[in-house]
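Q: Below you'll find the structure I mean.
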Amino acid sequence: LIALRTGRVSEASAKLCFALTCQRSGRALPAPFNDAYSALVRGEYENDAGFADLAACAAPGVDRYNLNVQLSVKPQRLTEFLEIIEANAVSTLREPRNLRYAWGESATVPGVYHFQESFVGKQGFDEHCAAPTFTAWEAFAGSDPFTAEPSVQFYVPTTSVAADHAPCVC
């Protein structure tokens, strides 16, 4: 709840978390969580309209738009890269149609970074690409900061949202 109120996770992610917890447990959430979930469904946390129904259909039918990215960053551009990516991550996690934005440096190859992103539909991804922090990212990416061509793969998940999100632990 703190992450939601401080904008560290999107409303879509919070709703999925609550809905999947209910589905997996087969019972209602404890009162404080149920109240917060009800507020989400009523739209009290909304930055954008249209997500009240997401909670009701989280597991069975969310159209997800997913991508994996691999970037090899020049050592002399690493500080700038990290500043831009950290700002992009904060902004992306606040986007109402963002479901996941995870990134980190390779455990075996220094300077290589991997990203996994998931959005509610292509519209969510398109809105992400229109964000000011993404525009800053595009400017950086166009300034020759990489040692290899970026690798971007879009994919359709074969797992349901329920199968691919860990249950919430209260």
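The values are calculated or read from the model by the stated rules, or taken from the named source; none is laboratory data. Note that this is a predicted model, so its numbers are computed, not measured. With ideal geometry, Cβ positions are generated from the backbone for all residues, glycine too; neighbour counts draw on all protein chains shown. Keep in mind that these areas ignore ligands, DNA and RNA; they rest on the heavy atoms of the full protein, side chains included. Shrake-Rupley method; radii C 1.70, N 1.55, O 1.52, S 1.80 Å.
Q: Which ones in the range 73-111 are part of a strand (DSSP E or B), crowded, with 17+ Cβ neighbours inside 10 Å and out of contact with any Leu (no Cβ under 7 Å at 6 or more places or on another chain)?
A: Taking the range 73-111 as the starting set, the residues that turn out to be part of a strand (DSSP E or B) are 73, 98-105.
Subsequent filtering for residues that are crowded, with 17+ Cβ neighbours inside 10 Å retains 73, 98-101.
Answer for the range 73-111, where residues must be part of a strand (DSSP E or B), crowded, with 17+ Cβ neighbours inside 10 Å and out of contact with any Leu (no Cβ under 7 Å at 6 or more places or on another chain): V73, N98, R100.
Q: Among the residues that make up the range 37-50, is at least one of them open to solvent by 70 Å² or more (accessible area, probe 1.4 Å), among the small types (G, A, S), more than 21 Å from F134 (Cβ to Cβ) and at pLDDT below 85?
A: Taking the range 37-50 first, the residues open to solvent by 70 Å² or more (accessible area, probe 1.4 Å) are 42, 44, 47, 49.
Those still in the list that are among the small types (G, A, S) too: 49.
Now narrow it down to the ones that are more than 21 Å from F134 (Cβ to Cβ): 49.
The next check asks that each one be at pLDDT below 85; those that pass are 49.
Yes.
Q: Moving on. If you go through the range 140-163 one residue at a time, how many are modelled with pLDDT of 95 or more, open to solvent by 70 Å² or more (accessible area, probe 1.4 Å) and either of a type in the set (V, I, T) or in a helix (DSSP H, G or I) (or both)?
A: Counting residues in the range 140-163 that are modelled with pLDDT of 95 or more, open to solvent by 70 Å² or more (accessible area, probe 1.4 Å) and either of a type in the set (V, I, T) or in a helix (DSSP H, G or I) (or both) gives 2.
Q: What number goes with the only condition from (1) without any contact (Cβ under 8 Å) to a residue 60 or more places away in the chain; (2) over 18 Å from F140 (Cβ atoms) that L82 does not pass?
A: Unmet for L82, out of (1) without any contact (Cβ under 8 Å) to a residue 60 or more places away in the chain; (2) over 18 Å from F140 (Cβ atoms): (2).
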